[in-house]
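Reviewing the structure listed below.
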Amino acid sequence: MSNEPVSAETESAMKLYQGVCDRFEQMATYIKLDEKVHAIMSQPKAEVMIHFPVKMDDGSYQLFKGYRIQHNNLLGPYKGGMRFSPEVSLDEVKGLAMLMTLKCALAKLPLGGAKGGIKYNPNDHSPEENQRITRRFTIALGHNIGPSYDIPAPDMGTNAQYMDWMMDTYHNLYGRKIEDKAVVTGKSVACGGSVGRASATGFGAVYCLEEWAKGQGMPLKGTTFSIQGFGNVGSHAAQKLEELGATLVAVNDHTATLINPDGISIAELADYVMEHRGIKGFQPENEVDDIDRFWSQHVEFMVLAALENVITRENADLIRAKLIVEGANGPVTTGAEAMLLKKGIQIIPDILANMGGVIVSYFEWVQNRNSEYWSAATVDEKLREKLIAAYRQVVAISEEEKISMRQAAYVESLKHLESVYLKRGVWP
Ligand code: NAD
């Protein structure tokens, strides 16, 4: 056995996977989940791991490692993002795939849970190389994906352009039916994407936050918030919160931390980030080196929209927000959560707060299969309806059983999966 210390990334992935498994075990025991359902759910159904070569711009060849973890397809085809990042690992995608199963069940979507990705940094490659890497990965995945079998979507490090390349590759290889476009979601609108998909996760997180504030009798106008991550999820959540009258006073991303009690303009920051790929340099006079100043900001809301395990036992005591909204997956560790709840800080958990993305992905899939194009108003109305129904269900369970919102979300999701397993049985 090697005695080498594991890297920070490996440790983080192990923590994420362990955290998801621990929470699953805790709530499975709490609801006395049927023994066979418990056993089935505790492992993914399939783990696909592939290595594939790609020609670089200079003529050399590089070997890449890709993953697709298919956790569960009881409710429908596997569904989940493709993450392109140097931190991608088997443990990370296994944890995220299980979260997708729970999220789709909680949202009452006819979809299962999966996750995948490639272990590399797209920022280190030209657009041409990224295109060849994406297409070769799609070829290597072969029939492990498909519009009725497993439907990828964008995640960290990927966007609509990557989904367009995946769909086009799949279509060229196997396309025979109209619904082949539905092999991935999160495509550009021109290539069959749904309007409202890009903003769905960020807006959805804020729809949950709005419901929470209503429950507290707290008007959003005049409140302040901080946000970690100003990418797809973070920037859209910030935009919606600003529209509702809240002010962004602190923001952190992989490049810098910015604190400005007078307020930060979302539109200006979004334009800046688009051009510079980070917040560094936007307001140099308001940049701070000490990230603890970000965590300890006095705000009503803290939106976490970057990565996992960012609030741990080490910094949980610093948090002074009233509510944490988990736009990212697994940003609060189990140890930190216990400390926060004890301090009266509530958390809208990832499988509820960020389910807007998969809800509109489902809408895109339905539209593609029926050759329909819904309006922005229709998408937003249906998104709100589904999200608010899930939010209210979670809050009702949380209040009735005096458990946290995360525990309540797991209860609802696991009970739904169990009820279907018990009706269908395990064949043969
Ligand atoms: P993105 O790539 O658009 O943005 C990621 C953001 O995280 C960037 O602002 C980046 O600067 C920041 N970041 C990266 N490393 C960081 C670090 N070490 N410290 C601080 N900030 C860091 O990704 P996204 O699509 O906005 O996804 C963000 C999170 O939300 C991920 O955890 C993802 O799994 C989750 N999520 C996304 C969707 C979706 O629809 N995009 C849906 C559900 C969940």
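The values are calculated or read from the model by the stated rules, or taken from the named source; none is laboratory data. As the structure is a prediction and not an experimental result, all values here were calculated from the model. Cβ coordinates were reconstructed from backbone atoms using ideal geometry, including for glycine residues, and neighbour counts include every protein chain displayed. SASA here: full protein model, heavy atoms, side chains in, ligands and nucleic acids out. Shrake-Rupley method; radii C 1.70, N 1.55, O 1.52, S 1.80 Å.
Some values worked out for this structure:
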quantity: Within the range 68-170, strands (runs of 3 or more DSSP E) holding 2 or more residues that are aromatic (F, W, Y); calculated: 78-84
quantity: Residue, surrounded by the fewest Cβ atoms within 10 Å (Cβ to Cβ), within the range 216-248, restricted to residues that are within 8 Å of the ligand (Cβ to nearest atom) and part of a loop (DSSP other than H, G, I, E, B); calculated: G231
quantity: Counted residues, the range 221-246 - those being without any contact (Cβ under 8 Å) to a residue 60 or more places away in the chain, within 17 Å of A205 (Cβ to Cβ) and not small (G, A, S); calculated: 6
quantity: Of all residues making up the range 104-129, the number that are modelled with pLDDT of 95 or more and open to solvent by 10 Å² or more (accessible area, probe 1.4 Å); calculated: 12
quantity: Hits in the range 174-215 - residues which are open to solvent by less than 10 Å² (accessible area, probe 1.4 Å), part of a helix (DSSP H, G or I) and within 27 Å of A306 (Cβ to Cβ); calculated: A200, G202, G204, A205, V206, Y207, C208, L209, A213
quantity: Residue in the range 391-422 that is surrounded by the most Cβ atoms within 10 Å (Cβ to Cβ), counting only those that are small (G, A, S) and in contact (Cβ under 8 Å) with a residue 40 or more places away in the chain; calculated: A409
quantity: Check on Q26, at pLDDT 95 or above and either part of a loop (DSSP other than H, G, I, E, B) or out of contact with any strand residue (DSSP E or B) (no Cβ under 6 Å at 6 or more places or on another chain) (or both); calculated: yes
quantity: Extreme residue, surrounded by the fewest Cβ atoms within 10 Å (Cβ to Cβ), among residues of the range 62-88 that are within 11 Å of the ligand (Cβ to nearest atom) and among the charged types (D, E, K, R); calculated: E87
quantity: Out of D350, D380, D317, sole residue that is of a type outside the set (S, T, Y) and surrounded by 24 or more Cβ atoms within 10 Å (Cβ to Cβ); calculated: D350
quantity: Search result, residues across the range 24-38 that are open to solvent by less than 70 Å² (accessible area, probe 1.4 Å), within 25 Å of the chain's Cα centre (by Cα) and either outside the structural domain of Q131 (by TED's automatic domain parsing) or more than 21 Å from K79 (Cα to Cα) (or both); calculated: M27, A28
quantity: Members of the range 311-332 that are within 18 Å of D91 (Cβ to Cβ) and over 16 Å from the mean Cα position of the chain (by Cα); calculated: T312
quantity: Where a residue in the range 328-353 is farther than 18 Å from G234 by Cβ and its partner, wherever it lies, is at pLDDT 95 or above and within 11 Å of the ligand (Cβ to nearest atom), with Cβ under 7 Å and at least six apart; calculated: I351/L99; I351/K103
quantity: Tally, over the range 145-173, of residues that are of a type in the set (A, V, I, L, M, F, W, C) and either touching a Cys at 6+ places or on another chain (Cβ under 6 Å) or open to solvent by 10 Å² or more (accessible area, probe 1.4 Å) (or both); calculated: 5
quantity: Matching residues, the range 145-183, being within 13 Å of the ligand (Cβ to nearest atom) and either of a type in the set (V, I, T) or not assigned by TED's automatic domain parsing to the domain that holds L109 (or both); calculated: T158
quantity: In the range 130-144, the residues that are open to solvent by 30 Å² or more (accessible area, probe 1.4 Å) and touching a helix residue (DSSP H, G or I) at 6+ places or on another chain (Cβ under 6 Å); calculated: Q131, R135
quantity: Selection from the range 265-290 of residues that are in a helix (DSSP H, G or I) and either more than 23 Å from the chain's Cα centre (by Cα) or more than 14 Å from the ligand (Cβ to nearest atom) (or both); calculated: A267, E268, D271, Y272, E275, H276, P284, E285, N286
